[in-house]
Amino acid sequence: MVIGIPIMGSILMGSGSTSMIYGYVLGFDFMRCMGHSNVEVIHGAIFNKLPFLRYLIYTPTYHSLHHSDMGTNFCLFMPLFDAMWNTLNSNSWQLHNKITSNSGENGRVPDFVFLAHILDVMSAMHIAFVNRSFASISFSTRIFLLPFWPATLMILLMMWAWSKTFLLTFYNLRGRLYQTWVVPRFGFQYFLPFAADGINKKIEEAILKADRMGVKVISLAALNKNEALNGGGTLFVNKHPQLKVRVCHGNTLSAAVIVKEIPKDVKEVFLTGSTSKLGRAIALYLCRRHVRVLIWIAGKWITPWEQRWAPSGTHFHQFVVPPILASRRDCTYGDLAAMRLPEDVEGLGSCEYKLERGVVHACHAGGAVHQLEGWTHHEIGPIDVDRIDLVWEAALKHGFRPVFQP
């Protein structure tokens, strides 16, 4: 009835329109939801600079005082009328200013942060605060996403210009808070020489923020740990030797997942990308096992044309992002190195890219194991081949499980 009276009144007075109805209903609903959300979205500094706005826009703090002091703050949306009729709670502005000024100070500090980045426009829509139901399933390009592509691109370009690293998802594991932060940069930007300094600055700011907050471990995801970009995190640790937060790339566990996935009776392996950080460690580890070459391990992008050289029946293990195209029907293709989170994980409502819910990339799991073990070293630079088995056993001990059947 409250929402209907103004609409019916304007229609009866001959001033109604379709845009008025939609605009009023959507505006009313937004303000109603905001007022009952218990989350402040308007900072007190805005009201301090523009004092008249506090009489035109109500806040969750303003409305919550109505529930604690029922004789005040009756008005929905416009405190002006409470001020006119002397029912405005005298603590409204001070409490709002105090809450917004102290935001973040009393929040829970994460124990572990996984620092990711944007891959492309389509996958950018695979996040909970855009489409919660879509984010809860593995990512794949869907037709219904296409109409939103132009608007998403514009938003991402604005984020490129102005956005800071932001919180994307979180979950709880054994009383500890694990978060994923995102650097607002596209995957292709990591290959632009002029963009390197800006990207490293964003990563450095995130690491220093985590250090100030008291985060135990921050794990660099995907291209954030690119050797050519920052030496797998070495740049930041050398620049800030006093860091308390442990910086790691998590690739020791990635290497472990890949080599453990290879059947023990395999004697020959064809390895591409063997000069990369992961490729080098895998090659050295397999050499110790006296393995030569037959199964293709893809550590760099392989075109369908290049795949034709593989013999029929080949299985492609891979640690390349994005995954190679499955173009051979007479061959099989493995997934990216990943591990299933322990069964006691809580609050996990979204999927990590193309993985199913509850499964994370191995470098994500590697950082989490680093935190759970309480290791005090930085896992940066080249992979220590001697630690591959040690990290693998530690992951299994804490309940991480391989997606494949070893």
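Side notes on the structure shown:
- What the stretch 109-405 shows is 48 Å² of accessible area per residue, with the surface traced by a 1.4 Å probe over protein heavy atoms.
- Protection-proxy order for peptides 243-256, 14-27, 201-214, each taking the mean of Cβ atoms within 10 Å per residue, highest first: 243-256, 201-214, 14-27
- Ligands, DNA and RNA left out, the accessible area of the stretch 109-405 computed with a 1.4 Å probe is 60% carbon and sulfur.
- Extents of the stretch 36-190, largest first, come to 57, 41, 29 Å (Cα atoms, principal axes, whole angstrom).
- Per residue, the Cα convex hull of the stretch 109-405 amounts to 137 Å³.
- Relative contact order of the stretch 12-95, taken over Cα pairs closer than 8 Å and 6 or more residues apart, is 23 percent.
- Coordinate range along principal axes, alpha carbons of the stretch 186-238, Å, largest first: 33, 19, 16
- Theoretical ellipticity at 222 nm over the chain - DSSP helices of four or more residues, -39500 (n - 2.57) apiece, nearest 500: -11000 deg cm²/dmol
- Extent along the principal axes, Cα only, for the stretch 1-68: 40, 27, 16 Å, with the longest axis given first.
- For residue 269, residues with placed amide H under 5 Å, excluding near neighbours: 292, 293, 294, 295
- The stretch 3-102, accessible surface, carbon-and-sulfur percent (1.4 angstrom probe): 68
- The distance between label points at residue 389 and residue 11 comes to 7.7 nm (points 7 Å beyond Cα on the Cα→Cβ vector).
- Against the rule of thumb 2.2 N^0.38 Å, how large the Cα Rg of the stretch 152-217 comes out: 1.28
The values are calculated or read from the model by the stated rules, or taken from the named source; none is laboratory data. Fair warning: this is a prediction, and the values are worked out from it, not measured in the lab. In this analysis, Cβ positions are derived from the backbone assuming ideal geometry, glycine residues included, and neighbour counts consider all displayed protein chains. Heads up: the accessible areas ignore ligands, DNA and RNA and are worked out on the full protein's heavy atoms, side chains in. Shrake-Rupley method; radii C 1.70, N 1.55, O 1.52, S 1.80 Å.
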